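Everything below concerns the one structure shown next.
The values are calculated or read from the model by the stated rules, or taken from the named source; none is laboratory data. Keep in mind that what you see is a predicted model, and the values were worked out from it rather than measured. Because the Cβ atoms are built from the backbone with ideal geometry, glycine has one as well, and the counts that use them run over all protein chains shown.
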Amino acid sequence: MFTYVFYCIPMQQITIPVTDKQHSFLSRVAKENRRTLSQLMYLILEHGECLGYECVSMSVKKTDDEISQEDKDQIALNKQIKKDHPEYSDEWEKKGYKYVCTCYDREMVSNLFETIGDLVIDPSPLNEG
């Protein structure tokens, strides 16, 4: 007969409030990395955001409201150019085709993490609905 003894280790929780936009971004990063949000937070705490690209992929698509109107217009123009000229050619650039990045870049990620840090000094964005 075996006797199992389970020890209950008391655990504490750390809760940090974030804005809806920050939560949305972090949730998308977690999904991109096939992790839960909690697992992502452990990795970020372990490695620090500055190493974020080395421990997790931060390459997530922007939501529609994160893409500027100028970029939306360019994306529409690009689609029309591709439709009119399905094969890539010099015509694309001549017609006004320009690449538009629809994913977060390093600067955007850094800025987002900075806004999370700013909440320590000024939590008022949390009250903005």
Residue list for the stretch 104-129, filter: buried (at least 16 other Cβ atoms within 10 Å of the Cβ) and either in contact with a strand residue (DSSP E or B) (Cβ under 7 Å, 6 or more places away or on another chain) or outside any helix (DSSP H, G or I) (or both): Y104
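Looking for something within 17 Å of D105 (Cβ to Cβ), modelled with pLDDT under 80 and not aromatic (F, W, Y) - is there at least one such residue anywhere in the stretch 75-83?
The first filter runs over the stretch 75-83 and keeps only residues within 17 Å of D105 (Cβ to Cβ), leaving 75.
Filter once more, so that each one left must be modelled with pLDDT under 80: none.
No - not one qualifying residue is present in the stretch 75-83.
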Take D71 and decide whether it is surrounded by 15 or more Cβ atoms within 10 Å (Cβ to Cβ), among the charged types (D, E, K, R) and either touching a helix residue (DSSP H, G or I) at 6+ places or on another chain (Cβ under 8 Å) or not in a loop (DSSP other than H, G, I, E, B) (or both). yes
Among the residues of the stretch 76-103, write down those that are of a type in the set (V, I, T), farther than 22 Å from A30 by Cβ and outside any helix (DSSP H, G or I). V100
Meets criteria (within 25 Å of V29 (Cβ to Cβ) and without any contact (Cβ under 8 Å) to a residue 24 or more places away in the chain) for N111: yes
Would you confirm whether or not the stretch 47-65 contains a residue that is loosely packed, with under 13 Cβ neighbours inside 10 Å, β-branched (V, I, T) and modelled with pLDDT under 90? no
